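Below is one structure, written out as structure tokens, with a few remarks after it.
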Amino acid sequence: MIESLQNEQVKYVVSLQRRKAREEAQLFIIEGWRFVEEGVLRNAPIKKVFVCLEREPSEWQPLLAQLRERSIPFEEVDARVLRKMSSTEEPQGILAVVRQTNYTWSDLHIDSKSVVLILDGIQDPGNLGTILRTALASGVRYVCLTPGTVDLYNPKVLRSTMGAVFSLIILPSQQPEDILDFCQRRELRVLMGDIQGVPIYQTKLSEGPLALVVGNEGKGPSLSFRDADIQRVTIPMAQEVESLNVAMATGILLYEIVRQRGFL
């Protein structure tokens, strides 16, 4: 059991709460029993688990068995050490160090049914995490993030994904020009959410590979997308409501695509 706050492993885990350290090490932290269990279930590249056994042994045993089956090392720490390593005020008693997965354009296998979600400058961690969770639930697997988007491995983003991050192929920090070039080369029809667009329910979305651009909470998509030859779609709204939360709006757009394509 680790009981010292000066332990080198403890210091290293604490350092991974900073973005720069995560990027250099290509690692990130997940916290909480449900999140770690979800990571194991979805075959996340977990390097090590740290646990404070405040739970009853019977509740810990199933996850322990899965860790042993996958040869994932784990170590017990006391409550004080876990609080030091955690980014939350009330840690749940377990966290894990996970290796970042670096995908490239070649990992996007486009066919006639493919939908690529492009998130351009989404800045709120909760919004990004919720969008990623919704994307997975709607059948989308490919997501591109532009450089203005919040860090994918921000703890608040990760908690909001509720494990979806482990089942998506995500390309962070992609320039809009490179995204548009990929879409053109692979013949993806590109749509962009915009209040000036054609109502989404009047848009035929049932055929061919598709890319959907969703922009920043306040400013919308960047000029690179606005200046491109992209079809704009909007969500009709009553009672003079001007806009919706970006996570809610993305969910509506994605599920209209799903409805027309009969994915679910």
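Descriptive notes on the structure:
- Total residues in region 61-87, condition open to solvent by less than 40 Å² (accessible area, probe 1.4 Å), in a loop (DSSP other than H, G, I, E, B) and either at pLDDT 95 or above or in contact with a Leu (Cβ under 9 Å, 6 or more places away or on another chain) (or both): 2
- Residue in region 88-99 that is nearest to residue 42 (Cα to Cα), counting only those that are of a type outside the set (Gly, Ala, Ser) and part of a loop (DSSP other than H, G, I, E, B): 92
- Selected residue (criterion: surrounded by the fewest Cβ atoms within 10 Å (Cβ to Cβ)) from residues of region 18-60 that are assigned to a helix (DSSP H, G or I) and of a type in the set (Val, Ile, Thr): 40
- Residue within region 202-215 that is part of a strand (DSSP E or B), at pLDDT 90 or above and over 20 Å from residue 131 (Cα atoms) present: no
- Complete set of residues in region 167-191 that are within 27 Å of residue 88 (Cα to Cα) and in contact with a Pro (Cβ under 9 Å, 6 or more places away or on another chain): 172, 173
- Verdict on residue 203 being among the hydroxyl-bearing types (Ser, Thr, Tyr), open to solvent by less than 50 Å² (accessible area, probe 1.4 Å), touching an Asp or Glu at 6+ places or on another chain (Cβ under 6 Å) and touching a residue at least 12 places away in the same chain (Cβ under 8 Å): no
- Enumeration of residues in region 171-180 that are assigned to a loop (DSSP other than H, G, I, E, B) and either at negative phi or touching a residue at least 40 places away in the same chain (Cβ under 8 Å) (or both): 172, 174, 175
To keep it simple, each residue is scored yes or no on (1) at pLDDT 95 or above; (2) polar (S, T, N, Q); (3) closer than 20 Å to residue 179 by Cα.
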residue: 227; (1), (2), (3): no, no, yes
residue: 234; (1), (2), (3): no, yes, no
residue: 245; (1), (2), (3): no, yes, no
residue: 252; (1), (2), (3): yes, no, no
residue: 255; (1), (2), (3): yes, no, no
residue: 261; (1), (2), (3): no, no, no
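- From the options 144, 183, residue that is outside any helix (DSSP H, G or I) and buried (at least 21 other Cβ atoms within 10 Å of the Cβ): 144
- Test: residue in region 198-217 that is farther than 26 Å from residue 152 by Cα and of a type in the set (Gly, Ala, Ser): yes
- Residues satisfying the stated conditions in region 220-233, i.e. assigned to a loop (DSSP other than H, G, I, E, B) and either under 20 Å from the mean Cα position of the chain (by Cα) or under 11 Å from residue 122 (Cβ atoms) (or both): 221
The values are calculated or read from the model by the stated rules, or taken from the named source; none is laboratory data. All of these numbers come straight from a predicted model, not from anything done at the bench. Here the Cβ is made from the backbone with ideal geometry for all residues, glycine too, and neighbour counts use every protein chain on show. Accessible surface areas use protein heavy atoms only, side chains included; no ligands, DNA or RNA. Shrake-Rupley method; radii C 1.70, N 1.55, O 1.52, S 1.80 Å.
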